[in-house]
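First comes the structure, then the notes that go with it.
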Ligand SMILES: [Zn+2]
Ligand SMILES: [Zn+2]
């Protein structure tokens with residue numbers, strides 16, 4: 001049974017497995033094409049391409065950029081872009097600098113709460129430049145302050161919890177523009193994060209489409225059948241491409257598997273051709 005997975009994280013951001021390890025799992029799951037979409041970083045792509053060549057898995061260049069508008073944090077996926085574009089690399093590097101501003105503030109709050117942690121420890125454990133809250137959660141688990149990543153977020157790190165610090169994020173329109181400038185297609189990830197549905201989501205997507213949004217992540221590990229149907233209808237209505245992926249993170253999200261999500265995910269390889277065609281068009285316009 002052949003399937004694709006266009007949303008995967010590795011040790012290059014907050015996933016717990018290397019690109020080669022993720023590719024091995026994808027191969028076992030019958031995945032024929034995939035995109036590594038690490039947060040604000042594309043450094044995992046070369047290893048993925050090398051492993052993909054060995055295993056016969058096509059690698060779609062990908063990235064996931066965090067953005068916010070109003071009270072919603074929206075994640076914009078980029079596909080089929082020139083991932084070595086100097087402009088794109090410069091912009092992603094700037095986003096990672098803003099992570100290094102926020103994380104020490106989170107650490108300060110944790111220390112004020114009596115937890116003995118340092119940002120140096122988090123950076124050493126992360127082993128990547130794209131450091132995020134899941135890395136802090138991992139340190140808290142290691143030091144036995146919490147029992148799991150979920151416990152860390154529920155008690156300290158989630159919005160509204162005592163160690164939460166908001167981050168300066170770009171607008172979705174900026175993230176979309178950067179991806180398009182590199183010849184890629186911009187897609188709204190996990191639309192439930194928009195915290196609106198029905199007409200509200202229709203309005204948001206219409207605005208994002210004006211900004212250059214090309215697709216919607218319709219198929220996703222945690223979507224219910226009803227949500228998938230709603231998003232599919234919206235994509236059709238607004239003439240947005242349909243994409244899908246597991247958002248695999250390894251141990252950070254232990255219930256999500258590569259290719260199959262929580263078991264019911266099946267992203268058809270038929271979605272690939274329109275995505276590539278749209279990117280090709282972007283390169284020429
Ligand atoms: Zn995301
Ligand atoms: Zn993701």
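The values are calculated or read from the model by the stated rules, or taken from the named source; none is laboratory data. Since the structure is predicted, the reported quantities are computational estimates derived from the model, not experimental observations. Here the Cβ positions follow ideal geometry from the backbone for every residue, glycine too, while neighbour counts run over all protein chains shown.
So the values come out like this:
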{"item": "Search result, residues across region 1-34 that are more than 13 Å from ligand 1 (Cβ to nearest atom), surrounded by 24 or more Cβ atoms within 10 Å (Cβ to Cβ) and not in a loop (DSSP other than H, G, I, E, B)", "result": "4, 5, 19, 22, 23, 26, 31, 34"}
{"item": "Test result for residue 259, touching a strand residue (DSSP E or B) at 6+ places or on another chain (Cβ under 9 Å), assigned to a loop (DSSP other than H, G, I, E, B) and more than 16 Å from ligand 2 (Cβ to nearest atom)", "result": "no"}
{"item": "The listed residue being more than 16 Å from ligand 2 (Cβ to nearest atom) and either over 21 Å from residue 138 (Cβ atoms) or outside the structural domain of residue 122 (by TED's automatic domain parsing) (or both), out of 31, 42, 63, 22", "result": "31"}
{"item": "Flag if residue 63 is modelled with pLDDT of 95 or more, assigned to a loop (DSSP other than H, G, I, E, B), within 22 Å of residue 275 (Cβ to Cβ) and within 16 Å of ligand 1 (Cβ to nearest atom)", "result": "no"}
{"item": "Count of region 229-250 residues which are under 14 Å from residue 197 (Cβ atoms) and within 16 Å of ligand 1 (Cβ to nearest atom)", "result": "1"}
{"item": "Counted residues, region 68-86 - those being within 16 Å of ligand 1 (Cβ to nearest atom) and buried (at least 20 other Cβ atoms within 10 Å of the Cβ)", "result": "6"}
{"item": "Verdict on residue 198 being buried (at least 16 other Cβ atoms within 10 Å of the Cβ) and at positive phi", "result": "no"}
{"item": "Qualifying positions in region 66-75 - more than 11 Å from ligand 2 (Cβ to nearest atom) and part of a strand (DSSP E or B)", "result": "67, 68, 69, 72, 73, 74"}
